[in-house]
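Here is the structure we will look at.
Values quoted throughout were computed directly from the atomic coordinates according to the rules given, and no laboratory measurement underlies them. Just so it is clear, the structure is predicted and the values come from calculations on it, not from any experiment. Glycine also receives a Cβ, built like all others from the backbone with ideal geometry; neighbour counts cover every protein chain displayed.
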Amino acid sequence: MLKFFKKNKPESKTEDAVPDPAAQHDPQSNFHADTPISSDPTDTPISSDPTPPHNQQPAPNADTPTPPETPKKSWASRLRQGLSKTRRGMGQGISHSLRLHKQIDDELFETIETTLLMADVGMEATQSIMDDLSARLKRKQLRDPDSLMQALREDLVKLLQPCVAPLQIDPTHSPHVILVVGVNGSGKTTTIGKLAKRFQNEEKNLLLAAGDTFRAAAIEQLQTWGERHNVPVVAQHSGADSASVVFDALEAAKARQYDVMIADTAGRLHTQQHLMTELHKVKRVLSKLDESAPHEVLLVLDASIGQNALQQAKQFHEAIGVTGIAITKLDGTAKGGMLFAIAKQLQIPIRLIGVGEQADDLHDFNAEEFVNALFDE
């Protein structure tokens with residue numbers, strides 16, 4: 001893990017990061033790194049003595065059956081499991097009501113409307129859906145509860161579809177700079193760690209910037225993710241200027257030709273204007289090195305706060321111009337309907353959704369998959 005810090009600045013304990021051998025004598029950069037400690041198992045000396053060490057277990061007999069590996073669940077299965085709380089409240093609630101009715105009536109419509117609102121779909125999105133269902137009923141396109149269910153699912157997918165836009169790395173911008181924003185507790189740093197793993201799997205080399213210099217242990221948390229995935233992290237001491245850290249990181253990323261740079265930022269309340277102003281500074285400083293940077297302003301939202309997430313999204317978008325949203329913690333809430341509210345009112349691309357702690361539990365958002373996971377038994 002690189003240990004980056006600005007010259008002429010005192011070294012501190014929070015400045016440790018992932019060592020990068022390429023940074024040792026790079027004349028293009030104003031950074032240097034400590035001598036790296038190899039984590040490559042091939043660097044370990046291999047003994048020519050064929051006798052196994054005393055504590056090494058003998059190789060298993062060929063006749064010994066190997067226990068079968070537990071099959072990995074598909075994304076559709078994990079999504080369905082992750083949305084179980086929302087599905088119980090919204091999907092199964094509506095399905096149960098439809099089974100109790102042999103025909104479509106006002107009571108059924110009222111039940112559907114109430115269920116959508118309880119799942120935090122929001123008044124505006126719910127009204128839009130109910131208006132379309134009423135119009136279909138008047139056109140005699142809905143003949144029974146089954147056709148009503150199919151129409152409802154179509155409307156929900158239609159509502160989300162304009163916001164489907166997976167996170168893409170533009171190869172014409174190198175490095176592709178992703179600025180991650182959001183309030184404390186939304187899952188910013190964890191999302192960055194998961195994205196780092198994803199880009200590694202795509203064979204992209206990347207650099208992380210510990211721009212959250214305000215929250216206690218935020219630097220160490222990001223460095224832990226860097227160590228876990230062997231990704232370099234640019235950091236300064238706690239309390240340092242966030243814009244300075246991000247500026248230094250972009251200089252290093254450009255000098256060493258990284259594909260991606262992901263910058264963490266201090267979590268701040270969307271209602272505190274002076275804290276939001278700091279984000280403007282970070283964004284402005286990045287543009288001094290690259291006029292097009294940041295190429296993505298990714299807002300991380302905690303799904304468990306429901307409609308409050310919509311207000312956060314509005315404030316961040318007005319303050320800094322959000323280009324994409326990652327919605328986390330969908331597995332811990334019955335308020336997953338908030339995606340529909342965001343889609344209806346903001347129409348900002350929903351890049352990613354998270355339904356668990358594992359790296360592959362953060363996935364590209366797909367409208368049809370999401371709706372199916374809410375209603376399929």
Separation between the GLN141 and GLU220 pseudo-spin-labels, each 7 Å from Cα along Cα→Cβ, expressed in nm?
5.8
Would you be so kind as to identify which of ASN366, VAL355, PHE247 lies farthest towards the positive end of the dipole of the range 247-377, taking Lys and Arg as +1 and Asp and Glu as -1 on Cβ and the Cα centre as origin?
PHE247
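Taking the Cβ of each residue in LYS140, LYS188, LYS197, LYS73 as the centre, tally the other Cβ atoms inside 10 Å and list the residues starting with the fewest.
Ordered from fewest to most neighbouring Cβ atoms within 10 Å, LYS140, LYS188, LYS197, LYS73 come out as LYS140, LYS73, LYS197, LYS188.
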Bin by bin, in steps of 10 Å, what percent of the Cα pairs in the range 289-335 do you find, going until the bin that has the longest distance?
26, 45, 21, 7, 1
Estimated vicinal HN-Hα couplings, Hz - the range 160-167 in sequence order (Karplus 6.51, -1.76, 1.60; Gly, Pro = x)
7, 4, x, 9, 7, 7, x, 5
Could you tell me which of the pairs LYS314/LYS344; LYS194/LYS335; LYS197/LYS281; LYS254/LYS288; LYS85/LYS197; LYS194/LYS283 are separated by over 19 angstrom between their Cα atoms in the structure shown?
LYS194/LYS335; LYS197/LYS281; LYS85/LYS197; LYS194/LYS283
In the range 228-377 the DSSP beta bridges are antiparallel at a rate, in percent to nearest 5, of 25
Convex hull over the Cα atoms of the range 244-377, averaged projected area in nm²?
9.3
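How much length is gained on full extension from SER292 to ASP106, taking 0.36 nm per residue of separation minus their Cα-Cα distance? Each step should come with its number before you reach the end.
Details: separation 186, 0.36 × 186 = 66.96 nm, distance 5.32 nm.
My answer for the length gained is 61.6 nm.
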In whole Å, how far is the Cα centre of the range 75-99 from that of the range 189-234?
33
Restricting attention to the range 209-283, which chymotrypsin sites (Phe, Trp or Tyr not before Pro) occupy a DSSP loop and are surrounded by at most 11 other Cβ atoms within 10 Å?
none
